[in-house]
Amino acid sequence: MRTDALLRRIWQGEVGEAGRPADVKLRPVFTGIVRVPAKMLELETDTPFLMADDAELMPALPLGDVLAEELDMEVPYGSFVLFLPRRPGRPDPVLRSRDFGVLTGEALQHVTGHGSLASHQVTGGLYVLAHCAARLAANATSQNRKFDTRAFCLGLGQSLSRAWRSDRADLAPAPFDRPDFLWQPELRSYLTALDPAFAAPDAVTIPCDLLTVCDQPVALAEWVARVDAQVRDLMAALDTPDPAVRGLKAISSRFNLQ
């Protein structure tokens, strides 16, 4: 959503707290994956989205200040503000689980967009973070029976499909519309064709602790820096050739072998 449109909707009173018990119970799933303070709001929208509290809706007018002044809301410093679709009737935990999957995908893209990964590492970095998030979500099911992992992963795929969208006719479609899309070989084939620099470990070897960089939520900038450092180290290892390969390259260079 455009920032000017969001500002207008805030002024018109169309944004409110998402304080229903079902939403509050699911929030720890999100903050267990994205370990940043989160302020949950609702408005009429088809797709959930998030913004940093210091995102400027107008020059020198950050979102957190607008919410505090216009709606008398307390917005934690260094937080994500989550905008969830307002739906009539009883809360649907399946739909809300999908919403949190979309928001998680947006948060992961915030990391790769604001971190220090080299441009050729961004696709692979987002891929490994998505795997880590999906595994943490699977673990959350045992702690919250209302949370639906499959719906979460569908939402995650919905978000990543926008990040990795391409209009190239020669690309076979990626399987974003299935909950196990991250594990499909078609996805790696798609990403390799989309970005020839794409590199990532085998899915089963991706560590689960890339996102668990703190025990309690920390300010957004700190969380991004910590996660970015983890991913950067992992991607740097992929950029470093095997010692045997380095030795062969050194010999080839020394003797001018072709």
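One residue alone among ALA138, ALA133 is within 15 Å of THR31 (Cα to Cα) and free of Cβ contacts under 8 Å to residues at least 24 places away in the same chain, and that residue is ALA138.
With respect to PRO207, is the statement that it is more than 30 Å from VAL75 (Cβ to Cβ), at pLDDT below 95, outside any helix (DSSP H, G or I) and in contact with a Cys (Cβ under 9 Å, 6 or more places away or on another chain) true? Against the criterion (more than 30 Å from VAL75 (Cβ to Cβ), at pLDDT below 95, outside any helix (DSSP H, G or I) and in contact with a Cys (Cβ under 9 Å, 6 or more places away or on another chain)), PRO207 qualifies.
Going through (1) in contact (Cβ under 8 Å) with a residue 12 or more places away in the chain; (2) surrounded by fewer than 21 Cβ atoms within 10 Å (Cβ to Cβ); (3) not in a loop (DSSP other than H, G, I, E, B) one by one, LEU84 falls short only on (2). Taken over the stretch 49-74, the criterion of being under 16 Å from LEU7 (Cα atoms), in a loop (DSSP other than H, G, I, E, B) and touching a Leu at 6+ places or on another chain (Cβ under 9 Å) is satisfied by ASP53, ASP54, ALA55, MET73.
Per this entry, ALA163 is not counted among residues that are closer than 30 Å to ASP92 by Cβ, touching a residue at least 12 places away in the same chain (Cβ under 8 Å) and surrounded by 19 or more Cβ atoms within 10 Å (Cβ to Cβ). If you go through the stretch 1-33 and keep only what is in a loop (DSSP other than H, G, I, E, B) and under 17 Å from ASP99 (Cβ atoms), you end up with MET1, VAL15, ALA18, GLY19, ARG20. Being exposed (fewer than 13 other Cβ atoms within 10 Å of the Cβ) and charged (D, E, K, R) is the filter; apply it to the stretch 187-230 and report the residue that is farthest from ILE33 (Cα to Cα). Checking each candidate, the answer is ASP202.
A quick yes/no check of all residues on (1) of a type in the set (Ser, Thr, Tyr); (2) modelled with pLDDT of 95 or more; (3) touching a Gly at 6+ places or on another chain (Cβ under 9 Å):
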site: ASP180; (1), (2), (3): no, yes, no
site: ARG188; (1), (2), (3): no, yes, no
site: ARG226; (1), (2), (3): no, yes, no
site: LEU234; (1), (2), (3): no, yes, yes
site: ALA250; (1), (2), (3): no, no, no
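When you scan the stretch 34-48, do you find a residue that is farther than 20 Å from VAL224 by Cα, at pLDDT 95 or above, among the acidic types (Asp, Glu) and part of a strand (DSSP E or B), even just one? Yes, there is a match, as at least one residue in the stretch 34-48 is farther than 20 Å from VAL224 by Cα, at pLDDT 95 or above, among the acidic types (Asp, Glu) and part of a strand (DSSP E or B).
The values are calculated or read from the model by the stated rules, or taken from the named source; none is laboratory data. A quick note: this is a predicted structure, and the numbers were derived from the prediction, not measured. All Cβ positions, even for glycine, are placed from backbone atoms using ideal geometry, and neighbour counts span all protein chains on display.
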